[in-house]
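See structure below.
Please treat every number below as a calculation from the coordinates, not as lab data. Everything numeric in this text was worked out from a predicted model, so none of it was measured. As a convention, Cβ positions derive from the backbone with ideal geometry for all residues, glycine included, and neighbour counts pool all protein chains shown.
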Amino acid sequence: MKIFSEIGSYLILLKNVFHLPENPRLYRKKVLFELRVLSLDSLPIIAVISIFVGAAIVIQLAANLSNPIYPRWITGFSSREGIMLEFAPTMINLVLAGKIGSHIASEIGTMRITEQIDALDVMGVNSASYLILPKIIACVLFSPVVIVVSIFLALTGGWLAGTLTGVISSYDFIDGLQLDYTNKSLIISLVKGLVYSFIISSIPAYRGYTVKGGALEVGRSSTKAVVESCITLIVANLIITNLLL
């Protein structure tokens, strides 16, 4: 029964979060600030992970698809589909769930135990909307950029690794990337990214907003937020993949 109580509390909080802002101009400033803190600052780790994982994917695929019966372009084709449909949206957001999720949960949780949120409520401010909505908007707005950058860097890293190690020629790899390409895979990837970005921003915000106790509870709440975000993300991945594919 506890899980249903938690889901109900989460939905009630979201209802308060998406309430009409009292001062839209102030919210715009908050969104721009959160874009820098939560999104732009995450680009370096996204870039590093994308390049090296993309390289590893291509090398492993080339090694396992080296049978003469397979066409030479199959490594590039398989790399493109795997990176676009799963790695870029799912794996990257799992990483961001740890980085962004812990940051959001600890920041809002600290404000809760130091009674800063209570002070906002006393002043008549919708604290849930003021603190959480800009974070959700920033994550959702930046999600397409994260997905596209990750796909580009992963494929570039794979191309470099494949050509430099000699496991696949540049021509065959690029031929596979271009083969039978449609925007369907990219659209699915972007849809997944939007859903995941909402998950990894709203669940940690809920955990931080509802924390009770002291600093120890804030740490536990941050850990719980990351774990719950990752589990929800994996379940959502299965559902979205089943629906769209």
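Here are a few things to note about the model shown:
- Taking the helices alone, the chain has a mean residue ellipticity at 222 nm of -26500 deg cm²/dmol, built from -39,500 (n - 2.57) per DSSP H run of at least 4 residues and averaged over all its residues.
- With Cα atoms, 0 to 90° folded angle of helix 127-165 axis to the chain main axis: 20
- Among the listed pairs 15/212; 29/192; 29/212; 30/212; 15/135, those with a Cα-Cα distance over 18 Å are 15/212; 29/192; 29/212; 30/212.
- Loop-exposed GluC sites (Glu not before Pro) per DSSP, neighbour cap 12 Cβ within 10 angstrom, longest uninterrupted part of the chain: 116-245
- 0 to 90° range, to nearest 10: angle between helix 92-113 axis and the chain longest Cα axis: 10
- As computed over segment 163-245, the Cα convex hull volume per residue (Å³): 136
- Among 150, 197, 66, residue whose mean-square fluctuation peaks in a GNM of the chain (springs only between Cα atoms under 10 Å): 66
- To the nearest ten degrees, helix 184-209 and the longest principal axis of the Cα atoms of the chain are 30 degrees apart.
- Ranked from largest, the principal axis spans of the Cα set of segment 23-117 equal 67, 28, 18 Å.
- In segment 2-244, Cα pairs under 8 Å separated by at least six residues give a relative contact order of 35 percent.
- Candidate aspartates and glutamates for bridging to residue 224, where Cα separation is under 14 Å - those fewer than 8 sequence places away on the same chain excluded: 6
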